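First the structure, in the form of structure tokens, and then the observations on it.
The values are calculated or read from the model by the stated rules, or taken from the named source; none is laboratory data. Predicted model, so just to flag it, every value in this text is computed and none were measured. We place every Cβ from the backbone using ideal geometry, glycine too, and count neighbours over all the protein chains shown. These area figures cover heavy atoms from the full protein model, side chains too; ligands, DNA and RNA do not enter into them. Shrake-Rupley method; radii C 1.70, N 1.55, O 1.52, S 1.80 Å.
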Amino acid sequence: MMTKTMKRWTLETIAVGAPLNLAETAIPSPGAGEVLVRVKAVSLNYRDKLVRETGMGLPIQFPFVPASDMAGVIEAVGDDVTRFAAGDRVMSTFHPGWIDGKPLGDARTPPYRTLGGFYPGVLSEYVAMPEDWLVSAPQSLDYAEASTLPCAGLTAWFALVERGKIKPGDSVLVQGTGGVALFGLQIAAAQGAEVFVTSSGEEKLERAKALGAHHGIDRNKSDWVEEVYRLTNDRGIDHIFEIAGGPNFAQSLKAVAPQGRISVIGVLEGFDISGPVAPLLLKSPTVQGISVGHRRALEDFVRAVDSIGLKPVIDHRYALGEASAAFDHLDRGPFGKIVIEL
């Protein structure tokens with residue numbers, strides 16, 4: 001290796017606007033069962049903003065490296081590594097160790113041992129981690145595009161395909177035009193579903209339609225639930241991406257079709273969801289919380305990405321030195337994903 005040191009971004013404190021520090025540190029060596037990845041791209045999620053501002057109750061160790069999602073190339077492998085070799089293109093997994101089936105954890109302590117939170121994050125030129133924490137990147141995507149899959153992409157896939165068993169002809173509604181919403185739009189359209197998008201402003205809705213959405217609802221101009229009733233002849237929506245959370249959950253209960261499905265994904269309007277019990281009882285929808293997904297589903301999603309030619313929507317690509325600007329853009333609400341390229 002040419003150099004023995006690397007750059008990484010760290011936080012020394014948790015607070016709104018907590019300063020990001022670009023530090024120089026030693027390149028780690030991979031231990032037994034570990035690989036050393038040269039990070040090529042890191043994508044940011046709304047959850048990275050929450051961790052930076054609040055810590056989310058996690059046992060954060062300082063200096064803390066933020067961000068959970070990266071794509072890169074394997075630089076070196078430790079002893080007993082069998083899944084990868086030097087030169088392989090890989091991506092991180094959001095929940096390290098959750099391979100398939102039920103998530104890790106129990107009723108008292110739900111599973112949340114994730115990268116960029118419980119574990120250090122990946123906003124670094126190199127990372128060393130167990131080989132089980134990685135999957136092969138899609139062949140059809142560049143590193144920046146691949147870095148958007150582990151959290152936002154897999155969340156949408158897990159909600160619609162792994163858990164939702166989406167079928168051609170189903171109706172899907174996504175709220176907003178952030179990373180998870182646009183992945184949901186693209187996956188649903190590729191599966192032959194009828195896609196509805198709610199957002200603020202005609203420009204975003206037109207861009208969503210260019211990606212495959214069939215209907216755009218400007219939530220600033222009308223009651224979006226009434227628009228759903230009108231557009232579906234009162235039938236409602238089979239799969240709703242509940243991204244706002246809080247009291248907006250009540251609107252999703254009104255809009256969902258009988259025996260439809262609401263995937264609770266986001267907390268933009270609050271950590272406590274609320275809504276009337278009548279539609280919950282009378283329509284009997286499935287309400288599922290989605291905390292990203294397991295490694296096997298990410299591997300399924302990678303195959304689908306290569307098969308259907310899905311291209312993640314990246315709002316802006318920043319350089320490594322521009323991490324603060326990238327987080328500022330995340331605050332403003334991107335159309336799609338924010339990526340930092342290394």
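Of the strands (runs of 3 or more DSSP E) lying entirely inside segment 131-234, those carrying at least 1 residues that are more than 22 Å from Glu341 (Cβ to Cβ) and free of Cβ contacts under 8 Å to residues at least 60 places away in the same chain are 194-199, 215-218. So which residues in segment 64-88 are under 18 Å from Gln139 (Cα atoms) and either β-branched (Val, Ile, Thr) or surrounded by 21 or more Cβ atoms within 10 Å (Cβ to Cβ) (or both)? Listed by number, the residues that qualify are Asp69, Met70, Ala71, Gly72, Val73, Ile74. Candidates in segment 45-63 are the residues that are β-branched (Val, Ile, Thr) and part of a helix (DSSP H, G or I); of these, the one that is least open to solvent (accessible area, probe 1.4 Å) is Val51. For segment 306-327, taking the residues that are within 18 Å of the chain's Cα centre (by Cα) and in a helix (DSSP H, G or I), the one that is farthest from Gly266 (Cα to Cα) is identified as Ala326.
Only residues that are without any contact (Cβ under 8 Å) to a residue 40 or more places away in the chain and in contact with a Leu (Cβ under 7 Å, 6 or more places away or on another chain) were counted across segment 14-38, and they come to 1. Only one entry in Trp133, Trp157 is buried (at least 24 other Cβ atoms within 10 Å of the Cβ) and aromatic (Phe, Trp, Tyr), namely Trp157. Quick check: is even one residue across segment 41-48 β-branched (Val, Ile, Thr), under 29 Å from Trp157 (Cα atoms) and touching a Lys or Arg at 6+ places or on another chain (Cβ under 8 Å)? Within segment 41-48 (the criterion being β-branched (Val, Ile, Thr), under 29 Å from Trp157 (Cα atoms) and touching a Lys or Arg at 6+ places or on another chain (Cβ under 8 Å)), the answer is no, since none of the residues qualifies. Taken as a whole, the structure places Glu145 among residues that are among the acidic types (Asp, Glu), open to solvent by less than 50 Å² (accessible area, probe 1.4 Å) and under 18 Å from Leu310 (Cβ atoms).
Identify, from the list Val292, Val287, the residue that is β-branched (Val, Ile, Thr) and either assigned to a loop (DSSP other than H, G, I, E, B) or within 16 Å of His95 (Cα to Cα) (or both).
Values: Val287 fails: either assigned to a loop (DSSP other than H, G, I, E, B) or within 16 Å of His95 (Cα to Cα) (or both).
From the options Val292, Val287, the qualifying one is Val292.
Take Val180 and tell me if it is under 30 Å from Leu36 (Cα atoms), at pLDDT 95 or above, within 17 Å of the chain's Cα centre (by Cα) and of a type in the set (Val, Ile, Thr). For Val180, the condition - under 30 Å from Leu36 (Cα atoms), at pLDDT 95 or above, within 17 Å of the chain's Cα centre (by Cα) and of a type in the set (Val, Ile, Thr) - is met. The single condition among (1) free of Cβ contacts under 8 Å to residues at least 40 places away in the same chain; (2) buried (at least 18 other Cβ atoms within 10 Å of the Cβ); (3) under 25 Å from Leu22 (Cα atoms) that Pro96 does not satisfy is (3).
If you go through segment 33-85 and keep only what is of a type in the set (D, E, K, R) and at positive phi, you end up with just Asp80.
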